[in-house]
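Inspection log for the structure reproduced underneath, given as structure tokens.
Bear in mind these aren't lab numbers, they're just calculated from the coordinates by the rules spelled out. None of these values were measured; they are calculated from a predicted model. When we count neighbours, we look across all protein chains shown, and the Cβ atoms used for this are built from the backbone with ideal geometry, even at glycine.
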2 protein chains.
Amino acid sequence: MEKNIAKDLTMKLSQRALEIQASPIRKLMPHAVAAKQRGLKVYQLNIGQPDIPTPQPMLDAYHSFSEKVLAYGPSQGLDAYRNGLVDYYARQGIPLQENQIIVTTAGSEAVTFAMMVVAGAGDEIIVPEPFYTNYNGFATMAGITIRPLLTLAETGYQLPADEQIEALITSRTRAIMICNPGNPTGTVYSREDVFRLGALAKKHGLFVISDEVYREFIYEGRSHTSILHVPGLEDNAVMVDSVSKRYSACGARIGCVASRNQALMDATLKFAQARLCPPTVDQLAALACVPLGEDFFRPLIAEYQARRDLVFNALMEIPGVVCVKPQGAFYILVKLPVDDCEKFIIWLLNDFNIAGETVMGAPGEGFYATAGLGRDEMRLAYVLNENELRKAMHIFARGFEEYKKLTT
Amino acid sequence: MEKNIAKDLTMKLSQRALEIQASPIRKLMPHAVAAKQRGLKVYQLNIGQPDIPTPQPMLDAYHSFSEKVLAYGPSQGLDAYRNGLVDYYARQGIPLQENQIIVTTAGSEAVTFAMMVVAGAGDEIIVPEPFYTNYNGFATMAGITIRPLLTLAETGYQLPADEQIEALITSRTRAIMICNPGNPTGTVYSREDVFRLGALAKKHGLFVISDEVYREFIYEGRSHTSILHVPGLEDNAVMVDSVSKRYSACGARIGCVASRNQALMDATLKFAQARLCPPTVDQLAALACVPLGEDFFRPLIAEYQARRDLVFNALMEIPGVVCVKPQGAFYILVKLPVDDCEKFIIWLLNDFNIAGETVMGAPGEGFYATAGLGRDEMRLAYVLNENELRKAMHIFARGFEEYKKLTT
């Protein structure tokens, strides 16, 4: 038999391009767009895009940009804004110096930098699961393996005991990464648990990356413990943050990385220099929000708490639904007695409506790294006003009733 | 002898964090900052930050942003802006459809996406050297190896013969990446050479990534050949672009990736979804520049050509200086009879001035991947007006004369 020795000239993409998951938050958008084109109103609970108006001082900053040349800023961020962040963190009980903060293009770049600076290709990062789905994408791009640490609805998605975490540590483990308050679970870690995690990381020489973009969104007067609150963890702790949710400014794309580990910050600065700088006007806009304090956040948190209660109570009315009352952030993970929540979401968009309206969630599977988990779950973001949420949850409940009849 | 089995708990950073180079364009900035603090004026020719005013329509777009919520945009970029880009590229003789364009956070993210989608960790990309230094940083972060293809001042840094390029191709080679017009060389590839490179890539089943952010900056009426002009190269060609230089808007951080390879664009969209979206208001600002045509670019190019002539002629007056007259972009690579240009630049900032003024360039070594090359070179960016450039070049010439006396 003659061997074909012709060269294969098919243009193959990289392994990471083949492996990277489609965003579960965004991949069903074509169905939503089609539904809208058919004239439907879609209550979008799939994405954490708040309806809260962006603070006027921030919008004013765009309107009053007065430079003649829209120039590069420093790679580490504008001095004025880093100064502002020092103030902001001091008010959170997190004393930081300017050189312990690098401004990033949103939380996304902050997570990417943090992952890349602690872990190389083939290294592992332990992440409590379910977790913010895009951690998967960043890890795939960086060649890092996420080792999921399963947390359960039954225990409020809280951190498991040390032994269970330690069972996942291998010679390739470089860090433990948490999201606190948690997306998609709404779980807030107690001070004890954050300190326990810090001690565990120190014991094993691991970094802790703490994603704290929902810091302010905590209900019933609970308080937030930052990884940077833990004493003695200077070398291990890396915090990532963003203004997107805090100031309802997802389109500004401004975040930061902060750590007291100077070698880590020096290396992160080199990553930052490679991409030159974060957007300039958007940093000035974020700076304008730094003075916002209790007067801004108190009514905001009350509003979100009322929304959470509305959504949680509506879900509790639906037979067969399992979910945990979120303590923070603005998401709720809903377990439904269906085979595949993704199919249910697509059905809601394609085949269901009440008076020309329907509702959209994000399929749960993408929030897990363990194969097979999350298929019967869906994440809802309570980012609409109570009136709209009430209608959305009514449609959700009626739609679920209908869908169950069709599928059982 | 007793073996020490205690665990090493030193916090080690990742290999890529240890390996990534400091930006040669930015790493000497502390010396410039110190010089300014001592009251010196520093003519900054180290960085491609034009002094040209950002077009008024772009500034107006910031001033007139009228949404109440600064929301996420689509991961692929705002529809209106992608439509605008379709128009812009059509005017460049590059017919594209909207879904062949993904808007990125500046050219930096476009290069990162392009590299990552074609090459995995351990794969190789061939890049004519000297090249834009930050390609090194992006490659290090992605675990990709850059295989430098040496080009020479003697031949105007033009592309070598096919055989020399082919000699670098291994089983791990995934792409050839060019910058046209070139940073730091100012070299513009001829239509013949771009087509030749396309044919070579096709023959070997390689991608061609073409960085065309300086497309408009071409002198003496030469024309630009895009990689997307090459027929039959649909599967292989990837173009990266940015508004930073074109519209003097480096701080806007808006760029794009374009390709007619749909599988590649689909995978790139997944990378884009992981980081959610590029900045929203900045896209609207970039959109406002799309209508700018000949009336905007003709005087701009004339201005840069005059600046190039001024800098090139001034350099030619200095004994021992070797450089090639740039055909495009706004950089010139200068070879000096010194051991180490970095030391010379630091000396200019720390120990030299004329009437309280000095000048800064970028050390050449970082623009090479081959060890030892470029140490006697420096990149100058002619991004100041003629009056300032004249003073800067006078200081450069006098400083060089002085420095030679000190070091020989």
Projected convex hull area of the stretch B:56-287, Cα atoms, direction-averaged, in nm², equals 12.5
The summed charge of the A:N183 Cβ neighbourhood (under 10 Å; Lys/Arg +1, Asp/Glu -1) stands at +1
Percent relative contact order for the stretch B:56-287, counting Cα pairs under 8 Å at least six residues apart, stands at 30
HN-Hα couplings for the stretch A:166-176 via Karplus (6.51, -1.76, 1.60; θ = phi - 60°), in whole Hz with x for Gly/Pro, come out as 4, 5, 8, 6, 10, 5, 9, 5, 10, 7, 10
Ranking A:I227, A:M141, A:L276 by how far each Cα lies towards the positive end of the charge dipole of the stretch A:56-287 (+1 on Lys and Arg Cβ, -1 on Asp and Glu Cβ), the top one is A:L276
So for chain A, using the alpha carbon gyration tensor with a ≥ b ≥ c as root eigenvalues (a/c under 1.5 gives rounded; past that, a/b versus b/c decides prolate or oblate), I'd call it rounded
Quick calc, chain B, dipole around Cα centre from Cβ unit charges on Lys, Arg (+) and Asp, Glu (-), nearest 20 debye, gives 660
Phi angles of the stretch B:14-27, converted by Karplus (6.51 cos²θ - 1.76 cosθ + 1.60, θ = phi - 60°) into ³J(HN,Hα) in whole Hz with x for Gly and Pro, give 5, 4, 5, 5, 6, 8, 4, 7, 6, 4, x, 6, 10, 5
Across all Cα atoms of the stretch A:318-372, Rg and the largest Cα-Cα distance (Dmax), in Å, are 12.9, 39
Residues whose built amide H sits under 5 Å from the amide H of A:T173, excluding neighbours closer than 5 in sequence, are A:E124
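Calculate the mean, over all residues of peptide B:115-124, of how many other protein chain Cβ atoms lie within 10 angstrom of the residue's Cβ.
5
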A:N350 and B:E163 label points (each 7 Å along its Cα→Cβ direction) are spaced in nm at 5.9
With the stretch B:364-408 reduced to its Cα atoms and the Debye formula applied, log10 I(q)/I(0) at q = 0.17, 0.27 1/Å amounts to -0.67, -0.93
On the formula 1/(1 + (r/R0)^6), with r taken between the Cβ atoms of A:A306 and B:E401 and R0 of 51 Å, the FRET efficiency rounded to 0.05 is 0.10
Relative contact order as a percentage, the stretch B:294-372, C-alpha pairs under 8 Å and 6+ apart, gives 17
If labels are modelled 7 Å from Cα along the Cβ direction, A:A161 lies from its partners in the other copies at nm distances, smallest first, of 7.3
Residue-ordered couplings for the stretch B:391-407, obtained by feeding phi - 60° into the Karplus form 6.51 cos²θ - 1.76 cosθ + 1.60 and rounding to whole Hz (Gly and Pro as x), are 5, 4, 6, 5, 4, 4, 5, 5, x, 5, 4, 4, 5, 4, 4, 5, 9
The answer for the per residue Cα convex hull volume of the protein assembly as shown, in Å³, is 199
Pairs over 21 Å Cα to Cα, from B:K41/B:K335; B:K27/B:K343; A:K27/A:K325; B:K41/B:K391; A:K245/B:K68; A:K12/B:K202, come to B:K41/B:K335; A:K27/A:K325
Compactness summary of the stretch A:24-140: radius of gyration and Dmax from Cα atoms, Å, are 19.3, 53
Which residues qualify? For A:C256, with a placed amide H closer than 5 Å and at least 5 residues away or on another chain, they are A:T104, A:D241, A:S242
at A:N350 the sorted inter-copy label distances (label 7 Å from Cα on Cβ side), in nanometres, are 6.8
In debye to the nearest 20, the charge dipole size for the protein assembly as shown, taken about the Cα centre with +1 at each Lys and Arg Cβ and -1 at each Asp and Glu Cβ, equals 100
The rounded separation in angstrom of the Cα centers of the stretch B:46-121 and the stretch B:226-250 is 12
Between B:Q92 and B:K203, the FRET efficiency computed from the C-beta separation at R0 = 35 Å comes out, to the nearest 0.05, as 0.85
In deg cm²/dmol, rounded to the nearest 500, the helical mean residue ellipticity at 222 nm of chain A, built from -39500 (n - 2.57) for every DSSP H run of length 4 or more, is -11500 deg cm²/dmol
Expressed in nanometres to one decimal, the distance between label points 7 Å along Cα→Cβ at A:F296 and B:E234 is 5.0
Zone reached by a paramagnetic label modelled 7 Å from A:N83 Cα along Cα→Cβ, restricted to the stretch B:238-267 with backbone N below 18 Å, covers none
Ranking A:V118, A:S108, A:S23 by how far each Cα lies towards the positive end of the charge dipole of the stretch A:1-138 (+1 on Lys and Arg Cβ, -1 on Asp and Glu Cβ), the top one is A:S23
Which residues qualify? For B:C179, with a placed amide H closer than 5 Å and at least 5 residues away or on another chain, they are B:D211
So, with points 7 Å from each Cα along the Cβ direction, the A:L150-B:R222 label distance in nm works out to 6.2
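Of all alpha-carbon pairs in the stretch A:185-340, indicate the percentage at a distance above 21 angstrom.
59
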Log10 I(q)/I(0) at q = 0.17, 0.24, 0.25 Å⁻¹ for the stretch A:135-195, from Debye over equal alpha-carbon scatterers, is -0.68, -1.21, -1.26
The local net charge around A:D266, scoring Lys/Arg +1 and Asp/Glu -1 for residues other than A:D266 whose Cβ lies under 15 Å from its Cβ, equals +2
When chain B is treated as a Gaussian network with springs between alpha carbons less than 10 Å apart, the largest mean-square fluctuation among B:V257, B:V111, B:V324 is found at B:V324
Net charge (Lys, Arg +1; Asp, Glu -1) of residues whose beta-carbon lies under 12 Å from that of B:T105, B:T105 excluded, is 0
Toy charge model, Lys and Arg Cβ at +1, Asp and Glu Cβ at -1: the stretch B:56-287 dipole around Cα centroid in debye, rounded to 20, equals 280
